[in-house]
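Trainee: Below you will find the structure I want to go over with you.
Just so you know, all these numbers are worked out from the coordinates, no wet-lab data involved. Not measured: the values here are computed from a predicted model. Here Cβ is always computed from backbone atoms with ideal geometry, including for glycine, and neighbour counts include all displayed protein chains.
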Amino acid sequence: MWLYERLLGPGSVLTAEAEEWKGLRKCFNPGFAPKHPVTPLPAIMDKVGQFLRNLDRQNTNDEAFRLDELCSSLKLSIISAMTMGMEFGAQLDKKHQNEFVQFHRELTANYKSGSSSNRSKRSQCTFCVQKADNLDSNILDQTCDQLKSLLSAGHDTTSIVLQWTFCELSLAPHILKTIWDELDETFWGEELINHMYYMSAVIKEILRLYPPSGSARYMSPGSEFTRGPRNCIGQELLILKARVIVACAVRRYDFAKVGPGVVVLDNQRNLKLNDRGQYEVESPLYNTMQVTAKPVDGMRMRVSTVGHVGGVTP
């Protein structure tokens with residue numbers, strides 16, 4: 001756990017224990033209450049539009065690119081808007097990005113390289129300070145740790161889920177077809193977002209196959225992602241975001257893996273299906289630990305305009 005303390009700080013809700021953790025979790029619970037599952041939907045849709053425009057540019061270039069960079073920028077954009085109500089331009093080119101985005105990426109890069117940064121930054125997070133009588137140095141330090149936790153853990157997990165979802169759907173045409181059919185039957189709207197049952201099942205299966213925390217199993221109950229006293233506070237929000245983003249993207253683009261995980265072609269340049277209805281690949285793609293478990297090559301992809309037409313245009 002000390003590895004995460006180094007990145008997030010000693011006062012993070014992810015690293016705190018006992019009564020300290022209980023108090024921090026209580027502060028955040030209202031913001032992630034399941035009874036308000038679609039409250040952030042407008043903010044999510046606003047950021048997804050820029051994500052699709054970035055994919056449009058990759059489609060025009062017809063070159064391989066790292067999908068992890070686009071997914072991470074998208075999720076950082078959503079999380080920063082939801083946690084601080086501010087736009088940092090995370091999905092724009094570097095010269096138009098806010099300094100905070102550069103700082104966040106520098107912090108993560110320093111952790112990966114084993115170095116430490118001398119820079120410091122103080123920000124205010126409403127859920128941490130709303131019950132404080134005085135904004136002393138301890139409150140501000142704790143708020144900074146919580147903000148780093150939300151930005152790092154929140155955007156990293158969803159980015160990984162998106163990358164593997166697009167990859168697996170590109171290899172399983174029968175599953176992708178079922179998702180298309182479900183989307184054709186779903187009228188877009190807040191009240192029906194949660195009716196994407198098959199989509200939700202696919203995303204949860206991706207989480208099972210490629211857990212961001214790695215594949216280690218623990219003896220103590222409740223340590224995993226899904227259930228227990230320390231379950232992921234943002235898991236319902238994660239599923240909501242992933243449903244919306246995947247629904248918009250798969251109706252518009254075909255994804256094709258490059259490098260590890262590339263599909264096998266027969267002598268007639270046709271794709272080869274295995275007995276599970278999935279396209280065969282030349283070599284398997286795998287995760288490596290980069291703070292969290294991520295695709296080894298950054299999920300290098302090509303995109304093209306999707307051949308499926310129908311339903312509601314995202």
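Trainee: Can you give the net charge of the other residues whose Cβ lies under 14 Å from the Cβ of residue 161, counting K and R as +1 and D and E as -1?
Mentor: +1
Trainee: Something else: List, in order, the whole-Hz ³J(HN,Hα) value for each residue of the range 66-81 obtained from phi through the Karplus relation with A = 6.51, B = -1.76, C = 1.60 and θ = phi - 60°; use x for Gly and Pro.
Mentor: Result, rounded to whole Hz: 8, 5, 4, 5, 5, 5, 5, 5, 4, 5, 5, 5, 5, 5, 5, 5.
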